[in-house]
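To start, the structure itself, in structure tokens.
The values are calculated or read from the model by the stated rules, or taken from the named source; none is laboratory data. Because the structure is a prediction, the values reported are computed rather than measured. Positions of Cβ are backbone-derived with ideal geometry, glycine not excepted, and every protein chain shown enters the neighbour counts. Surface areas here come from the heavy atoms of the whole protein model, side chains and all, with no ligands, DNA or RNA. Shrake-Rupley method; radii C 1.70, N 1.55, O 1.52, S 1.80 Å.
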Amino acid sequence: MNRLGIALVISAPSGTGKTTLIKRLRKEFPTFGYSVSCTTRAPRDGEVDGRDYHFLSRERFVELRDQGHFAEWAEVHGNFYGTPLPPVREMLAKGQDILFDIDVQGAAQLRKNMPDARFLFILPPSVEELERRLRGRGLDSEEVILRRLANARAEMQEAPHYDALIVNDDLDTAYDHLRAAYLAATLAPRCRPGLVEALNNGHLL
Ligand code: 5GP
């Protein structure tokens, strides 16, 4: 018996290990689908329309946005980016789970437009530890580190609106919690419409 797909939305301040955790989840569950975003920026060398992004003119993007085509959208560095809703709905209806790695503002829009999605937030064990990790990467200037820390504090204010909080102190434990939150989401009754009725009617699963 088929179930409906789950939209798993994951947000986290940078430096919390989100990328590592998501990679691991995709490796264990390679069937997760991707949503191809729309953008108004020009394609870079090697990028393919429809695979990396749907590349649109600004006029077309605004037209689609105003028609409610996007589950969420944002302006980043002067270009518009958006997640088209119809293909996402189609994938979910076919039972395809989709993972969204998205910031707190995008997630807030998704919560309105996709209320059945599950929202997970990854937290650092402490702000001090986050600062230590950001410095340890050796990637950023002092100014950038301070900005990332201020952003992290602001983003963490949004964490109580999520369905599950995953503290990444120990990576293996955090991953266990992430996969548990995902698997629990797939067991929700709304993902199994008709299941109980089918059982009552004597159908085998
Ligand atoms: P890039 O132009 O380098 O591919 O992406 C620039 C930024 O746009 C990245 O921070 C990326 O996360 C963000 N972005 C890409 N697609 C989307 C989208 O569909 N929605 C939102 N809100 N941001 C996006």
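Within region 45-59, does at least one residue satisfy the condition of being outside any loop (DSSP other than H, G, I, E, B) and open to solvent by less than 20 Å² (accessible area, probe 1.4 Å)?
Of the residues in region 45-59, the ones outside any loop (DSSP other than H, G, I, E, B) are 49, 53-55, 58-59.
Adding the requirement that they be open to solvent by less than 20 Å² (accessible area, probe 1.4 Å) leaves none.
There is no residue in region 45-59 that is outside any loop (DSSP other than H, G, I, E, B) and open to solvent by less than 20 Å² (accessible area, probe 1.4 Å).
Looking at region 68-76, can you tell me whether even one residue there is crowded, with 18+ Cβ neighbours inside 10 Å, within 30 Å of residue 153 (Cα to Cα), outside the structural domain of residue 178 (by the TED database) and of a type in the set (Asp, Glu)?
The answer is yes, given that some residue of region 68-76 is crowded, with 18+ Cβ neighbours inside 10 Å, within 30 Å of residue 153 (Cα to Cα), outside the structural domain of residue 178 (by the TED database) and of a type in the set (Asp, Glu).
Okay, residues lined up against (1) within 12 Å of the ligand (Cβ to nearest atom); (2) more than 12 Å from the chain's Cα centre (by Cα); (3) in contact (Cβ under 8 Å) with a residue 60 or more places away in the chain:
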site	(1), (2), (3)
57	no, yes, no
63	no, yes, no
67	no, yes, no
70	yes, yes, no
74	yes, yes, no
77	yes, yes, no
86	no, yes, no
91	no, yes, yes
97	no, no, yes
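What is the residue count in region 14-33 for residues that are open to solvent by 50 Å² or more (accessible area, probe 1.4 Å) and within 11 Å of the ligand (Cβ to nearest atom)?
0
Taking region 132-169, which residues are more than 30 Å from residue 115 (Cβ to Cβ), open to solvent by 50 Å² or more (accessible area, probe 1.4 Å) and of a type in the set (A, V, I, L, M)?
To start, the set of residues in region 132-169 that are more than 30 Å from residue 115 (Cβ to Cβ) comprises 132-150, 169.
If we keep only those that are open to solvent by 50 Å² or more (accessible area, probe 1.4 Å) too, we end up with 132-133, 135-139, 141-143, 146-148, 150, 169.
Correct list: 139, 146, 150.
Report yes if residue 10 is under 30 Å from residue 135 (Cα atoms), touching an Asp or Glu at 6+ places or on another chain (Cβ under 7 Å), not basic (Lys, Arg) and not in a strand (DSSP E or B), otherwise no.
no
If you scan region 21-44, which residues turn out to be within 14 Å of the chain's Cα centre (by Cα), under 14 Å from residue 179 (Cβ atoms) and not in a loop (DSSP other than H, G, I, E, B)?
Within region 21-44, 21, 22, 23, 25, 26 meet the criteria.
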